[in-house]
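Working notes, structure below.
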Amino acid sequence: MDKMMVKNLDLYYGDFQALDDVNLAIPENQITAFIGPSGCGKSTMIKTLNRMNDLIEGCKIEGEVLLDGKSIQELDVNTLRKRVGMVFQKPNPFPMSVYDNIAYGPRTHGVRSKAKLDDIVEKSLMDAAIWDELKDRLKKSALGLSGGQQQRICIARALAIQPEVLLMDEPTSALDPISTAKIEELVSTLKKEYTIVIVTHNMQQAVRISDQTAFFLHGQIVEHGTTAQFFSIPQDKRTEDYITGRFG
Amino acid sequence: MGARLKFSIETARRYPLSFVLKVLVVGSALLTLGALFFLLAYIIVNGVPHLKPSLFAWKYNTKNVSLVPALLNTLIIVGIPLIVTVPLGVFSAIYLCEYAKKGSKVVEVVRITAETLSGIPSIVYGLFGLLFFVIYLRWGYSILAGSMTLSIMILPLIMRTAEEALLSIPTSLREASFALGAGKLRTVFRIVLPAAIPGILSGVILGIGRIVGETAALIYTAGTVPRIPGSVFSSGRTLAIHLYTLSSEGFHTNEAFATAVVLLIIVLLINALSAGLARRLGGGN
Ligand SMILES: Nc1ncnc2c1ncn2[C@@H]1O[C@H](COP(=O)(O)OP(=O)(O)OP(=O)(O)O)[C@@H](O)[C@H]1O
Ligand SMILES: [Mg+2]
């Protein structure tokens, strides 16, 4: 089943075309990785999936993105973002307690009951594999935590609104190897419940965790397919050059 | 100590420029602190011995030169402008930073106006207040006229500092909130504004400082009557004006110093209070 579909998508920042006729299927309960050299449009593509590009002045989009077969343009943007959550490259916890960070999303969508919020906070932190580290520090400011912990807080915060799709834009690029390993492990377990799209600069990471890989170059998708096939028998010369490290 | 000294002499020889810079930096800090402490000590030494109970009598007369009416007036004349300008200034700042289009003409004009207004000498505000509030609106010399004049005077300050505070909040926080499906209003009031409160409060503290120290703009608007005000339409002098009249009359220099001590304590109290508030509201960081 394809959870999301991208059809003939062109995206312009003013006069600059950042995405050029992108076609892509994102299968349900799988991890799709976007790889490609800096500036090729990976972040632009992933932000299109939950319409974060709406916030950028002068950004124009043509073509279609479907969520469960329905155009995301026709959904209310806040409903869309509740269903398609996002984790950013740099950890960006709110300057408030760990608890309030996680509870912010559910509260936004109308959860008021303390008992229910307590449950959500606990479950989200458990899902983000950080409950044991933080269960005694829920009332402390999230800003006092390490980068890796902050990033897992951000993942927990995204999970707390129970999205269907989770978008992650280079979630480990600001982290040390141990935190990175933790998050990779976490992402692999999350795909049982979520459809995941992850941008990464690190090809090993894509090989380790993803099921599908799409390779971007100058705003176009050069090649995409299952990760196993993509890395073992690349179809396109440019893919081969890229994954063997001959450019990029 | 000896080892450290030797070490720094050696470093000084090796990096003469950075040694000179260090001396300059430390020297400037000491000089600034020194000036402040000298001033404080001078006021305290001259003022504290003259802090007599009669200074705190409920009613003012020319013998006790009580500062209580002036103290009350000061609190009122600080309070009213804050009630008027903080919401107005903060909301305009929110509009400018969060809602107005980036680089729009309105934003530019408002910004330039605010900057110009904050450069005008306070006597000009006083004259404007006299013509408009006191004479045209027929409020007479009154606490209200004084308060409104001061409101106009500190509004640009409150607005500018609130704007800077909002601008300093990283976009990544706004994005995080939007990405969770929060709307603009919720993002601004739940995430951006709370994070900006310490900055906003530092503007408020500056505003309070300007009001407490203001004389020129008040002499022509609030007047100099040293009585407990009956209403906001009564005339009343603030502590700063009280000080000014006491010392310019020349009969009560000692009491003027004592009054200055009280004024100092009030300023310190207000600052401590605001700092505490900032810590409280700033999410404990
Ligand atoms: N807000 C913007 N306005 C104008 N151009 C932009 C904007 N954001 C990105 N671009 C341009 O669009 C292109 C794609 O950017 P994007 O951020 O999607 O690249 P990326 O693949 O994520 O790169 P990186 O790996 O460095 O994060 C780049 O050329 C970039 O300069
Ligand atoms: Mg990117």
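In the condition set (1) within 16 Å of ligand 1 (Cβ to nearest atom); (2) small (Gly, Ala, Ser); (3) out of contact with any helix residue (DSSP H, G or I) (no Cβ under 9 Å at 6 or more places or on another chain), A:Gly110 is compliant with all but (1). If the condition is being within 16 Å of ligand 2 (Cβ to nearest atom) and either under 22 Å from A:Leu49 (Cα atoms) or assigned to a helix (DSSP H, G or I) (or both), then the stretch A:160-201 contributes A:Leu167, A:Met168, A:Asp169, A:Glu170, A:Pro171, A:Thr172, A:Ser173, A:Val197, A:Ile198, A:Val199, A:Thr200, A:His201. Of all residues in the stretch B:149-187, those satisfying the criterion of being of a type outside the set (D, E, K, R) and facing chain A (nearest Cβ under 7 Å) are B:Ser172, B:Leu173, B:Ala176, B:Phe178, B:Ala179, B:Leu180, B:Gly181, B:Ala182, B:Gly183. Between residues in the stretch A:107-123 that are more than 14 Å from chain B (Cβ to nearest Cβ) and closer than 22 Å to B:Thr187 by Cα and residues that are of a type in the set (D, E, K, R) and outside any loop (DSSP other than H, G, I, E, B), which pairs lie under 9 Å by C-beta distance while being six or more apart or on different chains? Pairs that qualify, where the first residue is more than 14 Å from chain B (Cβ to nearest Cβ) and closer than 22 Å to B:Thr187 by Cα and the partner is of a type in the set (D, E, K, R) and outside any loop (DSSP other than H, G, I, E, B), are A:Leu117/A:Arg107. Taking the criterion of being of a type outside the set (Gly, Ala, Ser) and part of a loop (DSSP other than H, G, I, E, B), the residues of the stretch B:91-123 that qualify are B:Lys101, B:Lys102, B:Ile120, B:Pro121.
Would you be able to say whether some residue in the stretch A:83-95 is farther than 16 Å from A:Ala158 by Cβ and in contact (Cβ under 8 Å) with a residue 12 or more places away in the chain? Please lay out each step first, then the result.
Residues of the stretch A:83-95 that are farther than 16 Å from A:Ala158 by Cβ, as a first pass: A:95.
Those left that are additionally in contact (Cβ under 8 Å) with a residue 12 or more places away in the chain: A:95.
Taking every residue of the stretch A:83-95 in turn, at least one turns out to be farther than 16 Å from A:Ala158 by Cβ and in contact (Cβ under 8 Å) with a residue 12 or more places away in the chain.
Hey, could you check the stretch A:10-58 for residues that are within 16 Å of ligand 2 (Cβ to nearest atom) and open to solvent by 30 Å² or more (accessible area, probe 1.4 Å) and say which is nearest to the other protein chains (Cβ to nearest Cβ)? Before you say what the answer is, go through the steps one by one.
Taking the stretch A:10-58 and keeping what is within 16 Å of ligand 2 (Cβ to nearest atom), we get A:11, A:13, A:16, A:18-19, A:22, A:32-50, A:52-53, A:55-56.
Remaining after also requiring open to solvent by 30 Å² or more (accessible area, probe 1.4 Å): A:13, A:16, A:38-39, A:43, A:47, A:55-56.
Values: A:Tyr13: 14, A:Phe16: 18, A:Ser38: 19, A:Gly39: 20, A:Ser43: 12, A:Lys47: 9, A:Leu55: 7, A:Ile56: 11 Å.
Among them, the one singled out is A:Leu55.
Within the stretch A:92-104, the set of residues being more than 9 Å from every other protein chain (Cβ to nearest Cβ) and open to solvent by 10 Å² or more (accessible area, probe 1.4 Å) comprises A:Tyr99 only.
The sole residue among A:Arg157, A:Arg107 that is within 14 Å of the chain's Cα centre (by Cα) and assigned to a helix (DSSP H, G or I) is A:Arg157. Scanning the stretch A:1-59 for residues that are in contact with an Asp or Glu (Cβ under 9 Å, 6 or more places away or on another chain), of a type outside the set (A, V, I, L, M, F, W, C) and part of a strand (DSSP E or B) turns up A:Asp2, A:Lys3, A:Lys7, A:Asn8, A:Asp10, A:Tyr12, A:Gln17, A:Asp20, A:Asp21, A:Pro27, A:Thr32. Taken as a whole, the condition of being small (Gly, Ala, Ser), within 16 Å of ligand 1 (Cβ to nearest atom) and either at pLDDT 95 or above or within 17 Å of the chain's Cα centre (by Cα) (or both) applies to A:Gly41.
Taking B:Ser142 as the residue in question, decide whether it is out of contact with any helix residue (DSSP H, G or I) (no Cβ under 7 Å at 6 or more places or on another chain), touching a residue at least 60 places away in the same chain (Cβ under 8 Å) and open to solvent by less than 10 Å² (accessible area, probe 1.4 Å).
Numbers: out of contact with any helix residue (DSSP H, G or I) (no Cβ under 7 Å at 6 or more places or on another chain): yes; touching a residue at least 60 places away in the same chain (Cβ under 8 Å): yes; open to solvent by less than 10 Å² (accessible area, probe 1.4 Å): yes.
Answer is yes for this residue.
Listed by position, the helices (runs of 4 or more DSSP H) contained in the stretch B:167-285 that have at least 1 residues being among the hydrophobic types (A, V, I, L, M, F, W, C) and closer than 30 Å to A:Pro93 by Cβ are B:171-179, B:193-213, B:253-281. The conditions of being within 15 Å of ligand 2 (Cβ to nearest atom) and either within 27 Å of B:Lys102 (Cα to Cα) or away from chain B (no Cβ under 14 Å) (or both) are not met by A:Gly69.
The values are calculated or read from the model by the stated rules, or taken from the named source; none is laboratory data. Source: prediction; values computed, not measured. Heads up, the Cβs are rebuilt from the backbone with ideal geometry, glycines too, and the neighbour counts pull from every protein chain shown. Ligands, DNA and RNA are excluded from the accessible area calculation, which covers all protein heavy atoms including side chains. Shrake-Rupley method; radii C 1.70, N 1.55, O 1.52, S 1.80 Å.
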